[in-house]
Amino acid sequence: MSLNLTQFIGQSALILSLVTGIFGVFFGLYITLARPNILSKQFTVLRVCGVILVTTIAVASSMLVFCLLTDDFSLLYVVEHSSSQMQTPYKLAAFYSGQAGSLLIWSLVIAIGLLLQNFSSQSSKDALTHTILSVIVVLFLIPLVWLDSPFASSSGDFTEGIGLNPLLVDPTMLIHPPMLLTGLASTGVPFALAFGAIIRGKNSTEDMAQLRKWSLISLLVLSAGNFLGAWWAYTVLGWGGYWGWDPVENCALLPLLPLVTFLHLYPIYKRSGAFKHWILIAACMSFALAIFGTFNVRSGLIASVHSFAQSEIGPYFLGLLGLALLTPLVVAAINRPDEGGSIEYQSFSSRETGLIFNNFLMVAIGLVIFGATIFPVVTEILNGARVVVGPPFFVDTVGPLLVVLLLLLSLTVHLLWRNTPKHHFIQEVRLPSLLALLGLVTFVVYGLRGALGVTSVFFALFIIGGHVQTIFTGSRETFQTSDKALITSTMSLMRRYGGYFAHVGLAIMALGIIGSSIMEERARVIVSPGEQFVAGSYAFEYTDLWGNRPNVNGIEIEAGTNIEMREPGSNSVVDTLRPGRRFFFVAPDQPVSIVDINSNLLRDVYVFTQGWNEEKVAEIQIIIKPLVQWLWIGAGIYIAGLFMCFTPEKKIRAA
């Protein structure tokens, strides 16, 4: 079947990008091996390769977007993922709802990282980084050119498409998947920098600073993607939660853990040169785990509500996973980088100890989550039957480890480098522990129960008090004693305390998670129009059904219940909630929930309608979720803290 002009341009751009990537691999390898004293003209060739690579992938992506926006059903991809009924934002969302679009995002993000690295400096080690990144881009372009082209022609004369996956028809999904895909793909740059250092067997402080910068970028974008995914689950899936320990959720979380490990060991490396080998491996493992997540989603190996784009090229990604996982380990075993230094312990009560224990704990959490995620596959291989590991297992195993993590965060900030005198530690923890105890009493009065919950709240409050105290004290001393300009002093503080703000955000998130899970109240009622019922301390009245036919974005019918919400002891209506169900043409038997939420800083009243009959008798569920808004507030503070960490580094005395 002949190609139209758009298909021809898009497919040609993909082929040119693949050829450019292959050339970049061999020319970068040539410079690395044969030209240690690199010339500017030679490195200019690599930069031109980077520009062509980004341009051609961007052109291919633009052609696919154009086909989606213009309803070009001569493309199989448009038929399978879009329709003429869809609004423009959701036609754009169709770009990444399928296999090929997701791979285009991966390829483009890694190519942009390659280009930025090429323009940051020029040396033989940068040529090696270019070579590794080019290999990664080529490996992602191969399936786009030969296995699953987005520009493949449809087999018939289609005038309409299937449309978007119903679960993707939500405003959050316009941001969450591309953010998460960008974060996963961005781990390729730290991988290239770290793997290059492993191959060379040595690296400089500047190299590690570059690795830190890219690891922060990946951590920031991945974290934002995970938070948006939690928000989507909370507001769309209709079960009242935001994290269900789903296999794909776990796969999105796992690449974060090696990045956190690297960033917490980096201060020790800066001071002593120790742990260089370990943090290089951690950076490589982040990318390997990102590939694992992609393999899981694409292969359908483990069932998940998030697996939107399963395909038949799972085995290809399994090979890619093996390559990303084993190659750095094998090379590191053969060409072990010089550790460059060691820690001189003066006391067990030191900040080094706290950071090292944090590292061990992150590894333990990662192993538990990874092992439990693949456990169904392992049991099927060994016994012929899958044994699924559900959320209770994660709560019982990961939960206590997270409590220990809160303990470490609460104590490490008060420890000094090398040795912490006893009187200093007692003086530092006195006020935060007292405030945490008073705050804990408040939580208990309002219904907090259980040893795990009580302990977690105490440590979270301890983290907030201790970090705020440290930030306040350090800021006051800086402005009182520094003769620098105000902006310079402020930048210095941002560099110094960005991580502390991130810790405070995590502690506030912990309070939101504990309050909204341990202290929540649920009520399920079956009522007729005009009937009243009580949930928590609120009164509700189901008045009638509502419904409409949008006939847009694949939605056939939207219908639900009108529910009036009243404050305790009052007949005045404070809110009218309209939870319901959304029915799609492509999946009429699989409706998507329409959740309605009444929110304030202290609680959410979360309402969804399970269904109704011809007599309008409806089944309604109300969930009172205390402090859940603190989860999103804490996430915002955490992200702000990571942004603060991007201020230019400067050697300063640690607090």
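The values are calculated or read from the model by the stated rules, or taken from the named source; none is laboratory data. For clarity, every value in this text was computed on a predicted model and none was experimentally measured. Cβ coordinates were reconstructed from backbone atoms using ideal geometry, including for glycine residues, and neighbour counts include every protein chain displayed. Ligands, DNA and RNA are stripped out before the accessible areas are found, and what is left, the full protein with its side chains, is counted by its heavy atoms. Shrake-Rupley method; radii C 1.70, N 1.55, O 1.52, S 1.80 Å.
Numbers for the structure displayed
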item	result
Residues of region 159-184 classified as open to solvent by less than 20 Å² (accessible area, probe 1.4 Å) and in a loop (DSSP other than H, G, I, E, B), total	4
Any hit, region 616-634, residues being among the polar types (S, T, N, Q), more than 27 Å from the chain's Cα centre (by Cα) and open to solvent by 40 Å² or more (accessible area, probe 1.4 Å)	no
Checking Lys213 against (1) on the phi < 0 side of the Ramachandran plot; (2) assigned to a loop (DSSP other than H, G, I, E, B), the condition it does not meet	(2)
Residue among Arg430, Arg476 that alone is open to solvent by 50 Å² or more (accessible area, probe 1.4 Å), of a type in the set (Lys, Arg), in a helix (DSSP H, G or I) and modelled with pLDDT of 85 or more	Arg430
Condition met for Ala303 (more than 23 Å from Ala194 (Cα to Cα), open to solvent by 20 Å² or more (accessible area, probe 1.4 Å), at pLDDT below 75 and not charged (D, E, K, R))	yes
Residues of region 190-218 satisfying the condition of being under 20 Å from Phe292 (Cα atoms) and open to solvent by less than 10 Å² (accessible area, probe 1.4 Å)	Pro190, Ala192, Ala194, Ser215, Ser218
Selection within region 576-615 - surrounded by 14 or more Cβ atoms within 10 Å (Cβ to Cβ), assigned to a loop (DSSP other than H, G, I, E, B) and among the charged types (D, E, K, R)	Arg578
Neighbours by Cβ (under 7 Å, 6+ apart or cross-chain): first from region 449-462, open to solvent by 20 Å² or more (accessible area, probe 1.4 Å); second part of a helix (DSSP H, G or I) and among the polar types (S, T, N, Q)	Phe459/Ser410
Set Thr235, Thr187: member being modelled with pLDDT of 90 or more and surrounded by 24 or more Cβ atoms within 10 Å (Cβ to Cβ)	Thr187
From Val79, Val45, residue being modelled with pLDDT under 95 and under 27 Å from Gln210 (Cβ atoms)	Val45
Leading residue by the ranking (nearest to Leu265 (Cα to Cα)) among those in region 362-372 that are β-branched (Val, Ile, Thr) and more than 17 Å from the chain's Cα centre (by Cα)	Val363
Filter result for Ser134 (farther than 22 Å from Leu253 by Cβ, within 27 Å of the chain's Cα centre (by Cα) and of a type in the set (S, T, N, Q))	yes
Counted residues, region 507-546 - those being open to solvent by 40 Å² or more (accessible area, probe 1.4 Å) and within 14 Å of Val457 (Cβ to Cβ)	3
Residues (in contact (Cβ under 8 Å) with a residue 60 or more places away in the chain, farther than 17 Å from Pro550 by Cα and of a type in the set (Ser, Thr, Tyr)) located in region 576-608	Tyr606
Long-range neighbours under 6 Å by Cβ, at least six apart or interchain, first residue under 20 Å from His414 (Cβ atoms) and open to solvent by 20 Å² or more (accessible area, probe 1.4 Å) within region 346-369, second among the β-branched types (Val, Ile, Thr) and not in a helix (DSSP H, G or I)	Ser349/Thr420
Considering residues of region 245-261 that are open to solvent by less than 20 Å² (accessible area, probe 1.4 Å) and not in a helix (DSSP H, G or I) only, the residue farthest from Pro392 (Cα to Cα)	Pro255
Residue in region 39-62 that is without any contact (Cβ under 8 Å) to a residue 40 or more places away in the chain, under 28 Å from the mean Cα position of the chain (by Cα) and open to solvent by less than 50 Å² (accessible area, probe 1.4 Å) present	no
In region 106-148, the residues that are at pLDDT 90 or above, open to solvent by 10 Å² or more (accessible area, probe 1.4 Å) and either aromatic (Phe, Trp, Tyr) or not in a helix (DSSP H, G or I) (or both)	none
Matching entry among Tyr96, Tyr90 (being closer than 27 Å to Gly163 by Cα, touching a Pro at 6+ places or on another chain (Cβ under 7 Å), touching a residue at least 40 places away in the same chain (Cβ under 8 Å) and assigned to a helix (DSSP H, G or I))	Tyr96
Test set (1) more than 31 Å from the chain's Cα centre (by Cα); (2) open to solvent by 50 Å² or more (accessible area, probe 1.4 Å); (3) free of Cβ contacts under 8 Å to residues at least 24 places away in the same chain - Pro421 fails condition number	(2)
The listed residue being of a type outside the set (A, V, I, L, M, F, W, C), in contact with a strand residue (DSSP E or B) (Cβ under 7 Å, 6 or more places away or on another chain) and open to solvent by less than 20 Å² (accessible area, probe 1.4 Å), out of Ser102, Ser154, Ser97, Ser74	Ser154
Enumeration of residues in region 498-532 that are without any contact (Cβ under 8 Å) to a residue 12 or more places away in the chain and of a type outside the set (S, T, N, Q)	Glu531
